[in-house]
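The values are calculated or read from the model by the stated rules, or taken from the named source; none is laboratory data. In this text, all values refer to a predicted model and were calculated from it rather than measured experimentally. Cβ sites come from the backbone with ideal geometry, for glycine too, and all protein chains shown count toward neighbours.
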Amino acid sequence: MAPTADQPTELEFRVTSAEYPFVSGSERGSCRWVLRELLPRSDGEYLEFFEVRDASPATVERIAETEPVEERLVDRYTDNGVVVCHVEEPRECVATTLADEAAFLRDLWAEDGDGRVVAEVLPSRDAGTVVDALLEQHPAVELVAKRDRPQDGPLFLRHKVQDVLARELTDRQLEVLVTAYRVGYFERPRETTGAEVAAELDISPSTFSQHLRAAQRKLLGALFEECGPATGHRIDVE
């Protein structure tokens, strides 16, 4: 069934080429790689954080020696391995190509050399254009499914959050917000202090606080502006 004009489109791609580290790494280790986070760097490059499942620490170490891995560690919550890949050329990465085409990445994983990428395209964007752009940049990737999805639920809200982050926040505000989240600043009880986060970012605590408050204000303000009328309540952000 073709997507209607007011429904998002879900695209599913298959990736089996060893030129992609998450594919080749999963094949070499007979394991599963799952993309957990894609972080932009100030120099325009990216870091990909992959969770490596069903692999021993020795296997993760061996994989890291043959792949462009900058760092490897153990996820303290799952005991799975985590590898960090440095993406020097963003257009060589499927995830960044999708981001450039205003598509929202839902899942990216590979198991035993067979990878899948699932993305969602909002109604305002032509899904065919996204597919053409991705396949032109990544000829080894194959489109395997194109589906319509309802325009509601947590996933659609997540897309709105991602859109607000890209549209409203400065690079520095986004860096502060992401760093604070990653090191547990928003946990209860807090796992780190504002001064410690500021030190990691090499800025003063007051500058950290200013950037964080600005980021939170923009994010909440934009989301409440879009979601407030649907709840029937007026929401003021101070």
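Some notes on this structure:
- Taking the listed residues E136, E175, the one that is over 19 Å from the mean Cα position of the chain (by Cα), at pLDDT 85 or above and assigned to a helix (DSSP H, G or I) is E136, with no other qualifying.
- Taken over the range 77-111, the criterion of being in contact with a Gly (Cβ under 9 Å, 6 or more places away or on another chain) and either outside any strand (DSSP E or B) or not assigned by TED's automatic domain parsing to the domain that holds T59 (or both) is satisfied by P90, V94.
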